[in-house]
Number of protein chains: 4
Amino acid sequence: MDDHQLIVSDMKPLSRRHRVPWGDCDPAGIIYTPRVLDYAIETFEIWNRDILGVSWTRLHREMSMGFPTVRTEIDFLNAPVTDDEIVLEMTVENLGRTSLTSIVTGHDGGGTVYFQVKIISCLTFTPDMEAKPIPDEFRQRILAYQTACQDNSLHIIKN
Amino acid sequence: MDDHQLIVSDMKPLSRRHRVPWGDCDPAGIIYTPRVLDYAIETFEIWNRDILGVSWTRLHREMSMGFPTVRTEIDFLNAPVTDDEIVLEMTVENLGRTSLTSIVTGHDGGGTVYFQVKIISCLTFTPDMEAKPIPDEFRQRILAYQTACQDNSLHIIKN
Amino acid sequence: MDDHQLIVSDMKPLSRRHRVPWGDCDPAGIIYTPRVLDYAIETFEIWNRDILGVSWTRLHREMSMGFPTVRTEIDFLNAPVTDDEIVLEMTVENLGRTSLTSIVTGHDGGGTVYFQVKIISCLTFTPDMEAKPIPDEFRQRILAYQTACQDNSLHIIKN
Amino acid sequence: MDDHQLIVSDMKPLSRRHRVPWGDCDPAGIIYTPRVLDYAIETFEIWNRDILGVSWTRLHREMSMGFPTVRTEIDFLNAPVTDDEIVLEMTVENLGRTSLTSIVTGHDGGGTVYFQVKIISCLTFTPDMEAKPIPDEFRQRILAYQTACQDNSLHIIKN
């Protein structure tokens, strides 16, 4: 459990920077709408690997599980353009018995929020894709992350 | 207005078929989540060209307008796999002063709904992206489409 | 072999139409370069299913084979823009012991070639991805297709 | 010219790391072929901004120029799988009057080359897309980069 403690003390909202490439923008010069969901799901994937401690590949191949998205809500607030650097941050809104509600926020690091993506995922067992209770090991890591994020609250989003 | 009448009598929910290519599926063999938003936005783009009568290119270049998505909600009900043929249908849920709420449903043509995507778009003028009332010509076409769709209601989705 | 005969008499160069969506174009208003390879590989995938008679899913799951691309060469001759309708046609240039050289041409149906993509694929067995001789059943279908294409030669490309 | 000198002394082959996301892989678990061209063109885009000193946005909007790809050749040597970290490096093979031949290599940092992409780009003036001689300022930067890369030769690729 020392391993677990270490992670907790270390935890902040997972954050990564992504510069919008030319090819993700449309003829109007702004980001093409669906690319926002690509960025959010990729952030969730990284969170699975780095915070939950299990890559989707390992989850799928070794544990016969998946964490598919069952619902998503996206608010497009300000459209980024080519070369804009987006800060992508993920927080946990709710942890249910079989489901997890996450929020991925894309902002410019200076007060402008580009988009906010709510992702509701459900832990399933393959191949029948049946919903199962989230295993305790995952549950503890998620709760620890949630606590750590509250302590390092994302002022930019809350204000 | 004869032109308009013609369109009304002819109208059904816009529907297109799309076979899920290998490259849109992930290592679990099912559609990669963000591709669903690609399919929905492409359906909305086709609807703009075929029903509203103005392609996004013409809207952008000749009319200095855009119809960007301001919010979207997606319910992932059943995951399509490679080679599944998806029927994509679009209906109008609500027409506001400056905004349009559309629903793109992806189903298998036999009673199974894969996903349902709500798209809220807002008519804007470029380059400042300011919201503007939807022009009357568009408004009439949208209302006529909405009426025509009710007459040819999508039983598969309602049941 | 009656089945085979039927296919031969029926065969023409596989051809499909694809309208360039808004999201495949960049801020300069022309197709984003990598999308051309997407179109070509999707055409090759359809050819596998419709001409070779085996979808990539079945090839992978039921036959433990794959037909990965080992080399590709693309000539970008004229850049399509949003809403352009591209005719995508595939011909076979060479059939080797373990490899197949195909050409996917994208043109406008009226004499303008947008791009030409050479795809060299190699039949492999999974999971070790070892090259294997192309099975006889495939070989016969490929040769028949090649013959049929010569009889219905693609004048637009040859002139 | 001090600015220029500084760049020269500093220069190494442009290199970036990219972890292959789940969504870039196909149902066989390996990278979907066209994504390799996405990675290569994005590397070339970054090179334009960081080495040539002009982002594609500025090149397009402020200078009415573009650097479109006219031909590309890709060798797929080893297929990366999900979570593999690819090192992407770009070198200049040839500088012509109006064109530039670049090589983007994707390797694992330990001797295994995943793919090698040759990109031939041509400097054009918009909107007529006419080829023009590469401006002297660009030419000097390209030659300096080429020299610097030779001094820090990519052993992994040459052996």
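The numbers here are math on the coordinates, done by the rules we state, and not lab data. In this text the structure is predicted, and so the values were computed from the model without any measurement. Ideal geometry is used to build each Cβ from the backbone, glycine not excepted, and the neighbour counts take in all protein chains shown.
Results, tabulated for the structure shown:
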| read-out | value |
| --- | --- |
| Relative exposure of A:THR147, A:THR82, judged by other C-beta atoms within 10 Å (fewest first) | A:THR147, A:THR82 |
| Interchain or long-range residues, amide H under 5 Å from A:ARG71's placed H | A:ILE120, B:PHE76 |
| Residue (of D:VAL87, D:THR124, D:GLY110) at the positive-pole extreme of chain D, dipole from beta-carbon charges | D:THR124 |
| Rg/Rg_ref, the stretch D:2-154, where Rg_ref = 2.2 N^0.38 Å and atoms are Cα | 1.08 |
| Net charge over other residues, Cβ less than 12 angstrom from the Cβ of D:VAL87 (K, R count +1; D, E count -1) | -1 |
| Proxy reagent accessibility, fewest Cβ within 10 Å first, across B:ARG71, B:ARG97 | B:ARG97, B:ARG71 |
| Rg and Dmax [Cα atoms of the stretch D:60-127; Å; Rg one decimal, Dmax integer] | 14.9, 44 |
| When each of A:LYS12/D:LYS12; D:LYS12/D:LYS118; A:LYS118/B:LYS12 is checked by Cα-Cα distance, pairs over 28 Å | A:LYS12/D:LYS12; A:LYS118/B:LYS12 |
| Reachable aspartates and glutamates, given that their alpha-carbon falls under 18 Å from the alpha-carbon of A:LYS132 and they are not under 8 places away in the same chain | A:GLU62 |
| Amide H contacts of B:MET65 (H built 1.01 Å from N, under 5 Å, at least 5 apart or other chain) | B:HIS60, B:THR126 |
| Cβ-vector label at 7 Å, C:ASP136, separations to other copies in nm | 6.0, 7.0, 7.5 |
| FRET E, pair B:GLU130, D:ARG61, Förster distance 22 Å, beta-carbon r, rounded to 0.05 | 0.55 |
| Relative contact order for the stretch C:10-159, counting Cα pairs under 8 Å that sit 6 or more residues apart, in percent | 28 |
| Other copies of A:ARG17: label-to-label distances in nm, shortest first, labels 7 Å along the beta-carbon direction | 1.6, 4.8, 4.9 |
| Tensor-based shape of the protein assembly as shown (alpha-carbon gyration tensor, a/c under 1.5 rounded, otherwise prolate or oblate) | rounded |
| Average beta carbon contacts from partner chains per residue of A:57-69, 10 Å cutoff | 3 |
| Inter-copy label distances at D:ASP50 (7 Å, Cα→Cβ; nm, one decimal) | 1.8, 4.3, 4.4 |
| Axis-nearest residue in chain B [Cβ, rotation onto D], distance in whole Å | B:PRO27, 3 |
| DSSP-loop GluC sites (Glu not before Pro) across the stretch B:61-107, with at most 15 other Cβ within 10 angstrom | B:GLU62 |
| Neighbour-count ranking [beta-carbon atoms within 10 angstrom, fewest first] of D:LEU37, A:LEU100, D:LEU52 | D:LEU52, A:LEU100, D:LEU37 |
